[in-house]
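Peer 1: I have a structure I would like to understand better, so I am pasting it below and will then ask my questions one at a time.
Please treat every number below as a calculation from the coordinates, not as lab data. Predicted model only: the values in this text are computed from it and were never measured. Backbone-built Cβ (ideal geometry, glycine too); neighbour counts: all protein chains shown.
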């Protein structure tokens, strides 16, 4: 079930009244049942997978919490990790490794007859796997208590707003909030609805409006001029941002109405002045997960420069692999690993240069933002090509080559000018609001007058109705 569908609208109309009319175990059962319906609407067979994962991690958590001997605790944790990562690896990477093996054999002149299973990727498996893993790891580290109520643990894992595309909500943040029944609160409703509407605007009005232009560019880049393709890659950078952050906004808003607080997942990432800053603003729940459960355990930046570079690269490569079984995703992670390493070399040199020429702060900031954005877009070209199978690198390199050729680099060579102008107008509206929000930190609960809130809601609804693309497109991150 997707948020931008009539089905979900009906689902919400049933879920929320019952949610606020129930208490205690009945409410937890209702959350669990509704979340399973939400997830199983896509394919009910994969409910078995999330149920097994929930049951196993609940019991592994109890075993780890009840054991004082470190060796046994580590053994239980390893079994939990093998189970979770085994499911993830089988469903997400099995076909990739089989196809790669066959391609390698062909390269050496062999013709193996290997029949690849057509394995369908369960939606959201990467998200709830990492969510469940963080629970057992935190218990192993003695950072959180064991959850004794299996019903509450199952509701925590399956909670529908964040189930299929995040944010990755950790047990330490959400389980304590589920200890008490949340009452209906108008401030929560107002701020939640504001966040939901803004998320729908970013998804339906911006991301889905940019999608046809972007798809056209990647389908056959050799047909288009360098200026047309440049617009296409810029549009993709905002398509994926508005699509993914739009989902996060809707999820955070739905949770807010329920009385829960989810972690922020995006904070205007394209205004970052460094790549380390970018990863504190983009997909924050994943980047912080990789930092806490991978980068820091590897040693972080504590064991010298070479080890820091190695840890940065391993973390980003696995971050790329997390997105999917394609070398283009891994290369995307590799590029960001290179960016983080080069940043450590270039930052001191750049700072000295800025001081030497007495560069004004706003010019320095603008240059840094522009450089980070351009290199991020370069990496996005490979990322977007990751869904195109064996031709991923060919398509990405063609796009980059044609853009850098500056062949027919004019406004007149850009096709679908109305679509382009509409896209830039929507981006201007979105960026203006986000810049204002960043500087003033306003939110809808601060608009105490009902008339102002209603005017704001109506304005966003009008923008969605006027510019929206209502084709019920799935969110991009459903495939991850």
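Peer 1: Looking only at Cα atoms, what is the convex hull volume of the chain per residue, in Å³? Working shown, then result.
Peer 2: Numbers: hull volume 87.7 nm³, N = 480.
Normalising the Cα hull of the chain by residue number yields 183 Å³.
Peer 1: Using alpha carbons only, how many angstrom separate the centre of region 341-417 from the centre of region 283-333?
Peer 2: The two parts, judged by their Cα centres, are 22 Å apart.
Peer 1: Sort 71-80, 406-415 by packing, meaning the average of other beta carbons within 10 Å per residue, with the highest value first. Write out the running numbers ahead of the final one.
Peer 2: Numbers: 71-80: 15.9, 406-415: 13.4.
So the peptides 71-80, 406-415, ranked by packing, come out 71-80, 406-415.
Peer 1: I need the shape label for region 202-306. Rule: rounded when a/c is under 1.5, else prolate if a/b > b/c, else oblate, with a, b, c from the alpha carbon gyration tensor. Don't jump to the answer; show the numbers that get you there.
Peer 2: Values: a/c = 3.02, a/b = 1.34, b/c = 2.26.
It comes out oblate by the Cα gyration axes.
Peer 1: Give the shape of region 288-402 as rounded, prolate or oblate, defined through the alpha-carbon gyration tensor: a ≥ b ≥ c are the square roots of its eigenvalues, a/c under 1.5 means rounded, and otherwise the shape is prolate if a/b is larger than b/c and oblate if not. Mind dumping the intermediate values first?
Peer 2: On the way: a/c = 2.73, a/b = 1.24, b/c = 2.19.
Taking the square roots of the gyration eigenvalues as a ≥ b ≥ c, region 288-402 is oblate.
Peer 1: Taking only Cα atoms of region 1-100, what ratio of Rg to Rh do you get with Rh as the Kirkwood inverse-distance radius?
Peer 2: Values: Rg = 18.3 Å, Rh = 16.5 Å.
We get a ratio of 1.11 for region 1-100.
Peer 1: Name the shape class, rounded, prolate or oblate, that the alpha-carbon gyration tensor gives for region 121-218, where a ≥ b ≥ c are the square roots of its eigenvalues, rounded holds for a/c under 1.5, and otherwise prolate holds if a/b is larger than b/c and oblate otherwise. Could the numbers behind the result be given before it?
Peer 2: Details: a/c = 3.18, a/b = 1.52, b/c = 2.09.
Oblate is the answer for region 121-218, as a/c is 1.5 or above yet b/c matches or exceeds a/b.
Peer 1: Now a separate question. Where the centroid of each part is defined by its Cα atoms, how far is region 219-272 from region 122-185 in Å?
Peer 2: Answer, in whole Å: 25.
Peer 1: Give me the number: length gained by fully extending residue 407 to residue 352, i.e. 0.36 nm times residue separation minus the C-alpha to C-alpha distance, one decimal in nm.
Peer 2: On the way: separation 55, 0.36 × 55 = 19.80 nm, distance 3.73 nm.
Separation in residues times 0.36 nm, less the Cα-Cα distance, equals 16.1 nm.
Peer 1: Arrange the peptides 309-322, 342-355 so that the one whose residues have, on average, the most other Cβ atoms within 10 Å appears first. Before the final figure, lay out each step's value.
Peer 2: Numbers: 309-322: 19.9, 342-355: 12.4.
The most tightly packed comes first, giving 309-322, 342-355.
Peer 1: Going by average Cβ density within 10 Å per residue, which order do the peptides 294-300, 192-198, 126-132 take, highest to lowest? Intermediate results must be reported in sequence, preceding the final value.
Peer 2: Numbers: 294-300: 15.1, 192-198: 22.0, 126-132: 24.3.
For the peptides 294-300, 192-198, 126-132, the packing ranking is 126-132, 192-198, 294-300.
Peer 1: Once every DSSP H run of n ≥ 4 in the chain is given -39500 (n - 2.57) and the sum is divided by its residues, what mean residue ellipticity at 222 nm do you get, rounded to the nearest 500 deg cm²/dmol?
Peer 2: Mean residue ellipticity at 222 nm (helix-derived): -22500 deg cm²/dmol.
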